[in-house]
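Participant: Provided herewith is a single structure, encoded as structure tokens, for subsequent inquiry.
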Amino acid sequence: MSDNNYHRRTAITRLSVSESDEQLLQQTVAEYKRGCQIAVDMAWERCRSKSDIQNLAYDEVLANTELGSQHAILACHQAAANIKSCITRRQDGKKASKPTYTTPTVTYDSRTMTLFTDRQQVSLTTHGDFSRVRADLVLPEDSDGYQHQYLDDDAWEPTESTLHYRDGEWYLHLGFRKPVADDTTEYGTVLGVDLGVDQVAVTSTARFFSAGELNHERREYERVRGGLQETGTQNAHRTLQEVSGREDEYVKHVLHSVANGIVAEAREYGCATIVFEELDGIRDRLPDSLWHSVWAFNRLTDYVEYKAAVHGIDVVETNPRNTSKRCAECGFVADANRPTRETFECQQCGNRNHADYNAAKNVADVYLRREQQSSGRRGIGQYALKSGVVTPNRGYTPYSAMEAEAESTDKPHPHRANPSG
Ligand SMILES: [Zn+2]
């Protein structure tokens, strides 16, 4: 059965971790990141497939980290996935530098994690001599928590999961899957999201989350910090830390509200999946001075993932090619399609639209096409867009630029009938 013939859901839960286990998990995260890095360093520019990288790097990862054998394999597979997306980007004419592992995340599979649903506990392999950590799942008090739908139902089988360290807490993103019952693959409606510098996010339903205020505030904080750094006194140092703390809080607050907006949009349009472009791709587009945005985008997708999970909405990342240069209407790809940073104008079909909106539709469209291709069947999939819902294989009435400009406000848009019928 192909990988696509499963429904997939994520249940996110906080973990209650004892102080001694806390240290074990922190060390495991560090060892796992190191393991991924060793595998990438060895395989970079040399090989690409999971099995090749595993053959090449497994012994080295095992010898130079304290990871157990299965986590050494998972680290090799992680490296393979990241190298693969670098290759795709290069084929696309984009820059792709060797990945570095900074995010505090560890992958778990059925060999490294055991879920005890009856006791609401999980056992996680750590680094070292097959030591395991047992932790309680901190689920909502009532039995209404969405997590129970998957935890308490044997039809949902636990699959690859990830452990995250966020805001001083441990979270487990438990992956579940269930075979698709009938013969038709149902992809449901998909919401595409483009992330960027001028707009934090733009959805395929043309909801714009402007970065204007965020960018302005950050420049202000930067100015204040600059002044304090020059002062250089003890007192100034303390104030500097306070200012940085306030800035982080402010940014998180903004990101939470953007994440809420994205999830609300997905719910309004009945979307089963929210699709982001892989963050590696975004990093390439960002000016160097905005390195901080990578951190912010990581946070944002994380927030969206756990807010969406509550509503049974899946969050995936895809590696779309030519997001910014491809026409979402006719598929024509050209540099000339982007006369300015904000404008998209197709040289073939004349489609004219906001560049980020076009990109958001591409993210959804390319994801759906790839899913259909890799499952080898024409599934039922569509992506949500402002003027209705479109089925990628059917095409639809082009969308007027006037309408786009008139409606590009930061408000939800009412659902409309499918214009293509
Ligand atoms: Zn076109």
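The values are calculated or read from the model by the stated rules, or taken from the named source; none is laboratory data. Everything numeric in this text was worked out from a predicted model, so none of it was measured. Using ideal geometry, Cβ is built from the backbone for each residue, glycine included, and neighbour counts are taken over all protein chains shown. For the accessible areas, the whole protein counts, side chains as well, though only heavy atoms, and no ligand, DNA or RNA atoms are used. Shrake-Rupley method; radii C 1.70, N 1.55, O 1.52, S 1.80 Å.
Participant: Pairs needed: first member in the range 226-248, surrounded by 13 or more Cβ atoms within 10 Å (Cβ to Cβ); second member anywhere, among the β-branched types (Val, Ile, Thr); C-beta distance under 7 Å; at least 6 residues apart or different chains.
Facilitator: Close Cβ pairs (under 7 Å, with a partner that is among the β-branched types (Val, Ile, Thr)) amount to LEU228/THR239; LEU228/VAL243; VAL243/VAL224.
Participant: Okay, moving on. Could you count how many residues in the range 281-321 are in a loop (DSSP other than H, G, I, E, B) and at pLDDT below 70?
Facilitator: Number of matching residues: 4.
Participant: Right, something else. Consider ALA81 against the criteria (1) open to solvent by less than 20 Å² (accessible area, probe 1.4 Å); (2) under 18 Å from the mean Cα position of the chain (by Cα): it satisfies all of them except one. Which criterion is unmet?
Facilitator: Of (1) open to solvent by less than 20 Å² (accessible area, probe 1.4 Å); (2) under 18 Å from the mean Cα position of the chain (by Cα), only one is false for ALA81: (1).
Participant: Looking at (1) surrounded by fewer than 15 Cβ atoms within 10 Å (Cβ to Cβ); (2) outside any helix (DSSP H, G or I); (3) not β-branched (Val, Ile, Thr), which is the only condition ASP41 fails?
Facilitator: For ASP41, the exception is condition (2).
Participant: Can you pull out every residue in the range 334-370 that is within 17 Å of GLY192 (Cβ to Cβ), out of contact with any Asp or Glu (no Cβ under 6 Å at 6 or more places or on another chain) and among the aliphatic types (A, V, I, L, M)?
Facilitator: ALA364, VAL366, LEU368
Participant: Is it fair to say LEU255 is open to solvent by less than 60 Å² (accessible area, probe 1.4 Å), more than 16 Å from SER210 (Cα to Cα), among the aliphatic types (A, V, I, L, M) and without any contact (Cβ under 8 Å) to a residue 60 or more places away in the chain?
Facilitator: Details: open to solvent by less than 60 Å² (accessible area, probe 1.4 Å): yes; more than 16 Å from SER210 (Cα to Cα): no; among the aliphatic types (A, V, I, L, M): yes; without any contact (Cβ under 8 Å) to a residue 60 or more places away in the chain: yes.
So LEU255 does not fit the description; no.
Participant: Please state which of the following conditions CYS330 fails to meet, knowing it meets all the rest: (1) among the hydrophobic types (A, V, I, L, M, F, W, C); (2) buried (at least 20 other Cβ atoms within 10 Å of the Cβ); (3) within 14 Å of the ligand (Cβ to nearest atom).
Facilitator: (2) is the only condition that CYS330 fails.
Participant: Which of the following residues is surrounded by 17 or more Cβ atoms within 10 Å (Cβ to Cβ), assigned to a helix (DSSP H, G or I) and not hydroxyl-bearing (Ser, Thr, Tyr): ILE53, ILE87?
Facilitator: ILE53
Participant: For residues that are within 14 Å of the ligand (Cβ to nearest atom) and open to solvent by less than 40 Å² (accessible area, probe 1.4 Å), scanning just the range 333-356, find the one that is nearest to the chain's Cα centre (by Cα).
Facilitator: For the range 333-356, the residue satisfying everything is ALA355.
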